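**Q** Structure below; questions to follow.
The values are calculated or read from the model by the stated rules, or taken from the named source; none is laboratory data. Note that the structure is predicted; figures quoted are calculated from it, not measured. Please note: Cβ atoms are built from the backbone with ideal geometry, for glycine as well, and neighbour counts cover all protein chains shown. Areas reflect the complete protein model, heavy atoms only, side chains present, ligands, DNA and RNA absent. Shrake-Rupley method; radii C 1.70, N 1.55, O 1.52, S 1.80 Å.
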Amino acid sequence: MKYGEYGNCRCVGGKFYRRSIIDGIIFPEDLYTFEDGIFNLKIYMRADNVLILDDAFYHYRRLSTSTTRRFNPDEEKQHDVILEYIITLIKNDMN
């Protein structure tokens, strides 16, 4: 599988989740970017299987004014927080 072959696996748009899998999983409140990526990582770690469809059911526009496109001087700090989330999830999953 090539990077991007199945679209954006991080974005929550265009995904269906079983309620039993997402129960208790919340978006991190201290992130302004990649919160959906952390949410999905928790889902993927909990799920027994994931089904990927080749059809596109979701389209979105990229706006230069969106939060993810604007310069933010705290972006480097935010990346550190994101990495800490990922490291913690992996460590907890290994125990």
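**Q** Applying the selection to segment 10-40, what residues are among the aliphatic types (A, V, I, L, M) and either in contact with a His (Cβ under 8 Å, 6 or more places away or on another chain) or open to solvent by 50 Å² or more (accessible area, probe 1.4 Å) (or both)?
**A** 22, 26, listed by residue number.
**Q** I need every pair where a residue in segment 18-33 that is among the β-branched types (Val, Ile, Thr) has its Cβ under 7 Å from the Cβ of a residue that is open to solvent by less than 40 Å² (accessible area, probe 1.4 Å), sequence separation at least 6 or different chains.
**A** 21/43; 21/47; 22/43; 25/39; 25/43; 33/78
**Q** Would you mind telling me which numbered condition in (1) in a helix (DSSP H, G or I); (2) modelled with pLDDT under 70; (3) of a type in the set (S, T, N, Q) residue 68 fails?
**A** (1) is the only condition that residue 68 fails.
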